[in-house]
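Peer 1: Okay, handing you the structure first.
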Amino acid sequence: MKIIDLEKIKFSDDSRLNFDHDLSKLNWFNIGGKAKIFLLANSLNDLSVFLKTYNNRGKVFILGAGSNILFDDHTYEGVIIKLGKNFNNISKLNENLIISGSSCLDKKVADFAMENEIEGLEFLSCIPGSIGGGIRMNAGCYGREFKDILVSVQALDFNGKVLTIPSDKINFKYRSSNLSKDLIFLSATFKGKVSLKENIKKKINSLKSQKDASQPLRVKTSGSTFKNPIDQTNKKVWELIKESIDINEANTMFGDAVLSEKHCNFLINKEKASFNDMKNLINFIKENVYKKTGVNLELEIVITS
Ligand SMILES: Cc1cc2nc3c(=O)[nH]c(=O)nc-3n(C[C@H](O)[C@H](O)[C@H](O)COP(=O)(O)OP(=O)(O)OC[C@H]3O[C@@H](n4cnc5c(N)ncnc54)[C@H](O)[C@@H]3O)c2cc1C
């Protein structure tokens, strides 16, 4: 891919363009090779200038906090874009509305809502991703999802056009939506209801304790690997995995890729798992669950290629 013209781009807001950039430190699994082109875009202006010059010559992938991603060990032959400082602001619009940049971490938005006595966003404190990743995944837990709090999304298409999409025009499903893959989410407006800080704090603490009790902590994971197969069975995915695989068996280890004993839908990179180790473990689980239960598991984590 030709990159000489990209090297000459002058950014006005300190955005950074790197070539052959290591991706393994930019995701929770700590797995992955390099990005042929990596852009840390600090402003909408810099992002637009880059996209105009890049002119759809290759693949584009938007990286949030990297908490739901498995990167390939091969070089990504395109551009990986991460949104930087000007996408990290939050403001209160009125008594129950918040606008947040898409690189803000969900936890920061939950805390902001609590400080401003806006209730309903507590579940965000349990999801380690960014607002952009949460919109893409329709992330959620404990009965709430992004779709329940979203008012509208501001996005940029790969041709540099800015759009505002009201949430009632988006068809959200469990961990997905019909939002085009060719959109970069810039910011989002969320609604809650007026409440008291103390009540919100209690709810956050209660959700966090539930989360800490049920999921592995301080490990290299990307959270739930597979979606609950809600259209095939009422059983949760972890129940199906437990029924199908003896997770203590040595043959469930692929290199350093293992199942978490605390929550078997969480896969862990113990130390130096490669992309192939993790992919082999994923395929092993899929095959065994299908053989035992007839359920075809679908990935929740995003695998780049
Ligand atoms: C310990 C742990 C616990 C977790 N618990 C939960 C949970 O309870 N509920 C849940 O739903 N998920 C959970 N997850 C998964 C993950 O945190 C969520 O899916 C999260 O929303 C991903 O956000 P991210 O910013 O990390 O996205 P990334 O992993 O960086 O990317 C995910 C997807 O979003 C896209 N994307 C990211 N930013 C943008 C943007 N600005 N514009 C367009 N597309 C974008 C990416 O291209 C990719 O397709 C957990 C993960 C971990 C590691």
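Readers should treat all values here as calculations from the given coordinates under stated rules, not as data from a laboratory. Please read these numbers as outputs of a predicted model, since none were measured by experiment. Note: ideal-geometry Cβ built from the backbone for every residue, glycine included; neighbour counts use all protein chains shown.
Peer 1: Looking at the calculated P(r) for the stretch 147-236, what percent of the C-alpha pair distances fall above 15 Å?
Peer 2: Working: 3017 of 4005 pairs.
When every Cα pair of the stretch 147-236 is considered, 75 percent fall beyond 15 Å.
Peer 1: Under 10 Å, Cα contacts only: if you run a Gaussian network model on the chain, which one of Glu95, Glu119, Glu145 comes out with the highest mean-square fluctuation?
Peer 2: Of the options given, Glu95 has the highest mean-square fluctuation.
Peer 1: Quick one: if you take sqrt(5λ) for each eigenvalue of the C-alpha gyration tensor of the chain, what semi-axes come out, biggest first, whole angstrom? Could you put the intermediate results ahead of the total?
Peer 2: Values: eigenvalues 193, 151, 54 Å².
Each semi-axis is √(5λ); the values are 31, 27, 16 Å.
Peer 1: Debye calculation, C-alpha points only, no solvent: report log10 I(q)/I(0) for the stretch 1-51 at q = 0.20, 0.25, 0.29, 0.30 Å⁻¹, in the same order as the q values.
Peer 2: -0.74, -0.95, -1.08, -1.11
Peer 1: Okay, moving on. Say we join alpha carbon atoms closer than 10 Å with springs in a Gaussian network model of the chain; which of Ser91, Ser130, Ser67 then has the biggest fluctuation?
Peer 2: Largest GNM mean-square fluctuation: Ser91.
Peer 1: Calculate the FRET efficiency for Asp168 and Leu97 from the Cβ-Cβ distance with a Förster distance of 22 Å, rounded to the nearest 0.05.
Peer 2: Working: r = 15 Å, r/R0 = 0.70.
The computed FRET efficiency comes out at 0.90.
Peer 1: Next up: What residue among Ala273, Ala213, Ala110 has the largest mean-square fluctuation in a Gaussian network model of the chain, using Cα springs under 10 Å?
Peer 2: Ala213
Peer 1: Using Cβ contacts closer than 10 Å as the measure, can you line up Phe19, Phe185 from fewest to most?
Peer 2: Values: Phe19 12, Phe185 25.
Starting with the residue having the fewest Cβ neighbours, the order is Phe19, Phe185.
Peer 1: If you don't mind, there's one more thing I want to ask. On each of the three principal axes of the Cα atoms of the stretch 88-214, give max minus min coordinate, whole Å, ordered largest first.
Peer 2: Principal axes ranked by extent give 45, 33, 24 Å for the Cα atoms.
Peer 1: Which helices, counted as full DSSP H runs in the chain, have an axial Cα extent of no less than 18 Å and a Kyte-Doolittle average of -1.0 or above? It would help to have the intermediate numbers written out before the result.
Peer 2: Numbers: long enough: 197-214 (26 Å, -1.59); 275-293 (27 Å, -0.74).
Qualifying helices: 275-293.
Peer 1: Using the Kirkwood formula over every pair of different C-alpha atoms, what hydrodynamic radius in Å results for the stretch 36-105? Mind dumping the intermediate values first?
Peer 2: Details: mean 1/r = 0.0728 Å⁻¹.
Kirkwood hydrodynamic radius for the stretch 36-105: 13.7 Å.
Peer 1: Over the stretch 221-303, what is the mean sequence separation of C-alpha contacts under 8 Å (at least six apart), divided by residue count, expressed as relative contact order in percent? Walk me through the numbers before you get to the answer.
Peer 2: Numbers: 126 pairs, mean separation 32.2, N = 83.
In percent, rounded to a whole number, it is 39.
Peer 1: Report the paramagnetic label zone for Lys85: residues of the stretch 10-27 whose backbone N is under 14 Å from a point 7 Å from Cα along the Cα-to-Cβ axis.
Peer 2: 12-16
Peer 1: Write down the Kirkwood hydrodynamic radius of the stretch 154-198, to one decimal in angstroms, obtained as one divided by the mean of 1/r over all alpha carbon pairs. Mind showing how you got there, number by number?
Peer 2: Numbers: mean 1/r = 0.0797 Å⁻¹.
Here the Kirkwood hydrodynamic radius works out to 12.5 Å.
Peer 1: Still on this structure, please answer the following. With the radius of gyration and the Kirkwood radius both derived from the Cα set of the stretch 1-124, what is their ratio Rg to Rh?
Peer 2: Numbers: Rg = 16.7 Å, Rh = 16.0 Å.
Over the Cα atoms of the stretch 1-124, Rg/Rh equals 1.05.
Peer 1: What 222 nm value per residue comes from the helices of the chain, counting each DSSP H run with n ≥ 4 as -39,500 (n - 2.57) and dividing by all residues, nearest 500 deg cm²/dmol?
Peer 2: Values: 7 runs with 77 residues, N = 305.
Computed ellipticity for the chain at 222 nm equals -7500 deg cm²/dmol.
Peer 1: When only Cα pairs under 8 Å and 6 or more residues apart are kept, what is the percent relative contact order across the chain?
Peer 2: Details: 637 pairs, mean separation 49.7, N = 305.
Answer for the chain is 16 percent.
Peer 1: Let me ask another. Based on alpha-carbon positions alone, could you give the equivalent ellipsoid semi-axes of the stretch 221-303 from the gyration tensor, as √(5λ), descending, whole Å?
Peer 2: On the way: eigenvalues 79, 35, 24 Å².
Taking √(5λ) for each Cα gyration eigenvalue gives 20, 13, 11 Å.
Peer 1: Same structure, new question: Between Asn251 and Glu287, what is the label-to-label distance in nm when each label sits 7 Å out along the Cα-to-Cβ direction?
Peer 2: 1.0
Peer 1: Listing Cys141, Cys264 from the residue with the fewest other Cβ atoms within 10 Å to the one with the most, what is the order? Provide the component values of the computation, followed by the final result.
Peer 2: On the way: Cys141 17, Cys264 20.
Final ranking by Cβ density, sparse to dense: Cys141, Cys264.
Peer 1: In the structure displayed, which of Lys169/Lys193; Lys82/Lys193; Lys82/Lys169; Lys147/Lys202 lie more than 29 Å apart, Cα to Cα? Kindly include the intermediate steps, with their values, before the conclusion.
Peer 2: On the way: Lys169/Lys193 22 Å; Lys82/Lys193 32 Å; Lys82/Lys169 26 Å; Lys147/Lys202 23 Å.
As for pairs spanning more than 29 Å Cα to Cα, those are Lys82/Lys193.
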